[in-house]
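So the structure is just underneath, and the comments pick up after that.
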Amino acid sequence: MGMLNIKADTVTYTILIKGAAQLGRVDMALLLFFQMLKKDFKPDAITYCTLIDGLCKLKKTSAGLCIFDFMCKNAVAPDIAIYNVLINMHSREGHLEAALGLFVHVVERGPKPDVITFNTMICCYCNLKRLDDAVQLFAKMTSEQLRPNAITFTILIDAFCREGRMDDAMLIFSKMLEEGPEPNLVTYSCLIHGYFKSQSMMESGLKLYNEMLENNIAPNIVSYSILIDGLCKRGLMKEASYAFHCALDKHLLPDVIAYTILIRGYCKVGRLTEAMMLYDNMLLNRLTPDHFLERTLEEYQLQKAGAKHFCA
């Protein structure tokens, strides 16, 4: 900075620390921070939050907590953004008690928790399959005049869908439609995937898919893959192939998952020729099949060869 004749200040260092963290350069981020201290620039809450967030995202948990302790000892009051970073860190690592301890702290002593704080804790409970606790926290959030956003609703809907509790998922979805915000592509994808897990609920999933299109929400390759998977499970290969080519027509490039779903679908109904053609097409598109797909193809090829030998 000296060579460029740029006058450094707290804001400059904060920007540089953020850039270093985004590049995965923990060493550089910390070096800049300590250089800042050496030059008597006082880091503010934004600087600390930037550094702690960067360290936590790079899974340098201990370093992040050390910086947090250093911050508190230097009489810089943590804002809710910093607490959100720490709660999220503990949540990702499955440390519920630590996350809950910080959450209780901000509820009782401040700073006032925001929507992100509640979303993070609700997600933490959902990841640990403590859905009743998640719903209670959702109720507490609304009672404190905090308006749940699309992420809040989608976290709960996804959790119920993963547990096969579609009635509960639809109750949350109905509440979302009544109160806002509008459901997005992720919300619909979670519900459709949940319904497609059960063949008896396929019609409900297809109805929601059509509803999503009517609401001008364009599917991405993930939602197309969910649709293709559901159709394959029912043996509707013509419809599954049509959905696959619809994605191509919309310039959505199928990934390994989309190819694998359709290839396995063809294998299950004994259409190995189509499966192998699709596999070759996948390789032409420079996609690398995983070991599971290759093993699946080998097994079905052996089954077909065995059947021919038996008939002969």
Taking 8 Å as the Cα distance limit and 6 or more residues as the minimum spacing, I'd like the relative contact order of the range 39-116 as a percentage.
27
Full-stretch length increase - Ser200, Asp69 - with 0.36 nm per residue and alpha-carbon distance subtracted
41.8 nm
For the chain, the charge dipole (Cβ of Lys, Arg +1; Cβ of Asp, Glu -1; about the Cα centre) points to a positive end, and the Cα of Ala247, Asn149, Ser200 closest to that extreme belongs to Ala247
Just want the answer: with Cβ charges of +1 for Lys and Arg and -1 for Asp and Glu, which residue in Ala45, Gly24, Ile67 is farthest toward the dipole's positive end in the range 1-76?
Gly24
In the chain, if the dipole is taken from +1 on Lys/Arg beta carbons and -1 on Asp/Glu beta carbons about the Cα centre, which of Thr273, Ile116, Ile261 is farthest to the positive end?
Thr273
Any chance you could check the Cα centroid distance between the range 64-126 and the range 159-189 for me, in angstrom?
27
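Ranking request for peptides 206-219, 150-163: highest mean number of other beta-carbon atoms within 10 Å first, then the rest in descending order. Intermediate values should be presented prior to the final figure.
Values: 206-219: 14.6, 150-163: 22.1.
Result, highest mean first: 150-163, 206-219.
In percent, how large is the relative contact order of the chain, given Cα pairs closer than 8 Å and 6 or more residues apart?
Numbers: 342 pairs, mean separation 23.1, N = 312.
In percent, rounded to a whole number, it is 7.
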If the only charges are +1 at each Lys and Arg Cβ and -1 at each Asp and Glu Cβ, what is the size of the charge dipole of the chain around the Cα centre, to the nearest 20 debye?
680
Trypsin sites (Lys or Arg not before Pro) in the range 5-95 lying in a DSSP loop, each with at most 11 other Cβ atoms within 10 Å of its Cβ, come to Lys7, Lys39
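Could you tell me whether the range 153-249 comes out rounded, prolate or oblate from its Cα gyration tensor? Rule is a ≥ b ≥ c as square roots of the eigenvalues, rounded for a/c under 1.5, then prolate if a/b exceeds b/c, otherwise oblate.
Values: a/c = 2.30, a/b = 1.44, b/c = 1.59.
It is oblate, given that a/c is not under 1.5 and a/b is not larger than b/c.
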Relative contact order of the range 1-76: what whole-number percent is it, with Cα pairs under 8 angstrom and at least 6 residues apart?
28
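Taking a ≥ b ≥ c as the square roots of the Cα gyration tensor eigenvalues, with a/c under 1.5 meaning rounded and otherwise prolate when a/b beats b/c, else oblate, which class fits the range 1-76? Intermediate values should be presented prior to the final figure.
Numbers: a/c = 2.20, a/b = 1.30, b/c = 1.69.
Because a/c hits 1.5 or more and a/b fails to exceed b/c, the range 1-76 counts as oblate.
Taking a ≥ b ≥ c as the square roots of the Cα gyration tensor eigenvalues, with a/c under 1.5 meaning rounded and otherwise prolate when a/b beats b/c, else oblate, which class fits the range 193-292?
Numbers: a/c = 2.13, a/b = 1.37, b/c = 1.55.
Here the range 193-292 falls in the oblate category.
None of the figures in this text is laboratory data; all of them are computed from the coordinates on show. Here the structure is a predicted model, which is why all the values come from computation and not from measurement. Cβ atoms come from the backbone with ideal geometry, glycine included; neighbour counts cover every protein chain shown.
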